[in-house]
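These notes are about the structure you will find just below.
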């Protein structure tokens, strides 16, 4: 066989991850706090960037008015990164999202000088570009730890929505700062559903968290240590006497001697009345939402970005024009051109990030309108692909947008990804949210009487009568996940309570 050299021409397609595209993807998945830090670093490194300190209601364009005509945005585009990201419209199809199928090679100032973004040299630009030590080395806050436990203990959907609401309702002590009735009314669900989730949350670490008062906080901790016997329960009923140090009266009420009372009090003193302060991360801090939502007087919903979390940067073109005229060396002109390219890119990338978040949030509100109007029982089954196809984006883009982004709604503040839930087959091929099915199962069981306890088979028949096609083993699985006893156990419990 002979070996020879030859030339061949081949045509192929490939996606090139430019530094600009890599940075754009990173910007999209940053939280508002991480984004603010990133923008602050860029402003510090780039002499052509300025922070817009005029406030979100100020008129944009001041920098553009003093810019040289040839340095303005092509087509009259915004020099302010937040200009155009308004609430009364979503991004047009021509305003491309920060998607993985998109290149930013054409975002230069017009002279075609390519340049890496500040701080981007020597980095791969992948997911590991995020500061590993900053993200994983810092102490997690109490809220972060509770949310992590919530993901492990409660299935995605209605239960997590309730859990997130309760986590955000904790006070500085780690006690629950909202009543079950108030939470149920806000979320449009039954108090029993909120109480069921609270029972799970009260098993989280640190022990004693989510208590509604001091007595419950101590009881949770004593129960974990197997010290919550009937005598201790009676002592907890008289915590006012413990505080007043009226030990003589306590001994009479409990029927114990000095030694037994001292042991009981020692167990109480070993508890932490403020479990929320027991972690270095401190008490849970309120979430600052990225998106705001409210009902409009004429009907419908208004979805807008939170101006408090929207970084606004300005490209100082007048300064560029003044300095460019004084440059004598080629290296100086190249450096200045690179900085202008980087500044232009950042302003445009921030604007596109904002419109992408707004577009995804608006579609989520449209898809889950039933939840916002009627409560958790009306959550629709929803997956990333549904939203991605509706707005013409890639699923990975929607995934990045919905992670660690929050929306403030009339029913509370929720992470965008919590509105995605699995489906159960319904009548005529329709699909019903699994969380709505769980909600309906609990509602049926809550409506039981001692003489009419529902078996799993009966629940299946009731649900099928409502157009929900579900198997008996699925009902049993959902019931066990909600920690609801079997029909035999419930019948015994109701009989004991009635006797």
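The values are calculated or read from the model by the stated rules, or taken from the named source; none is laboratory data. Model, not experiment: these values are computed from the prediction. Heads up, the Cβs are rebuilt from the backbone with ideal geometry, glycines too, and the neighbour counts pull from every protein chain shown.
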Only one of these is under 17 Å from residue 166 (Cα atoms), within 24 Å of the chain's Cα centre (by Cα) and modelled with pLDDT of 90 or more: 187, 201. Name it. 201
Residue 475 vs. criteria within 37 Å of the chain's Cα centre (by Cα), under 21 Å from residue 156 (Cβ atoms) and either modelled with pLDDT of 85 or more or not assigned by TED's automatic domain parsing to the domain that holds residue 446 (or both): yes
For the stretch 13-59: of the residues being in a loop (DSSP other than H, G, I, E, B), modelled with pLDDT of 80 or more and more than 27 Å from the chain's Cα centre (by Cα), which is farthest from residue 305 (Cα to Cα)? 47
Here are some residues: 357, 407. Which one is touching a helix residue (DSSP H, G or I) at 6+ places or on another chain (Cβ under 7 Å) and closer than 30 Å to residue 47 by Cα? 357
Tell me, which residue of the stretch 387-401 that is under 19 Å from the mean Cα position of the chain (by Cα) and surrounded by fewer than 22 Cβ atoms within 10 Å (Cβ to Cβ) is modelled with the highest pLDDT? 388
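Here's the yes/no breakdown for (1) modelled with pLDDT under 50; (2) under 16 Å from residue 354 (Cβ atoms):
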residue	(1), (2)
11	no, no
68	yes, no
72	yes, no
80	yes, yes
Kindly provide the set of residues from the stretch 330-377 that are closer than 22 Å to residue 466 by Cβ, touching a residue at least 60 places away in the same chain (Cβ under 8 Å) and buried (at least 19 other Cβ atoms within 10 Å of the Cβ), ordered by number. 371, 375, 376, 377
So which of 264, 236 ends up being under 30 Å from residue 446 (Cβ atoms), more than 37 Å from the chain's Cα centre (by Cα) and assigned by TED's automatic domain parsing to the domain that holds residue 150? 236
Among the residues of the stretch 220-234, is there at least one that is within 30 Å of residue 161 (Cβ to Cβ) and either at pLDDT 90 or above or touching a helix residue (DSSP H, G or I) at 6+ places or on another chain (Cβ under 9 Å) (or both)? yes
Would it be correct to say that residue 283 is buried (at least 16 other Cβ atoms within 10 Å of the Cβ), over 30 Å from residue 44 (Cβ atoms), modelled with pLDDT under 85 and touching a helix residue (DSSP H, G or I) at 6+ places or on another chain (Cβ under 9 Å)? yes
Can you tell me which of (1) buried (at least 18 other Cβ atoms within 10 Å of the Cβ); (2) closer than 28 Å to residue 169 by Cβ; (3) assigned by TED's automatic domain parsing to the domain that holds residue 350 is the one residue 308 doesn't meet? (1)
Index of the failed condition, residue 418 passing every other in (1) within 30 Å of residue 32 (Cβ to Cβ); (2) at pLDDT 85 or above: (2)
Residue 208 vs (1) touching a helix residue (DSSP H, G or I) at 6+ places or on another chain (Cβ under 6 Å); (2) farther than 27 Å from residue 169 by Cβ; (3) outside any helix (DSSP H, G or I): all pass except (2)
Test residue 228 against the stated conditions and say whether it is outside any helix (DSSP H, G or I) and out of contact with any strand residue (DSSP E or B) (no Cβ under 9 Å at 6 or more places or on another chain). yes
Against the condition assigned by TED's automatic domain parsing to the domain that holds residue 270, part of a helix (DSSP H, G or I) and crowded, with 17+ Cβ neighbours inside 10 Å, how does residue 218 come out, does it pass? yes
Would you point out which residue out of 452, 436 is outside the structural domain of residue 35 (by TED's automatic domain parsing), at pLDDT below 80 and either surrounded by 21 or more Cβ atoms within 10 Å (Cβ to Cβ) or over 28 Å from residue 368 (Cβ atoms) (or both)? 436
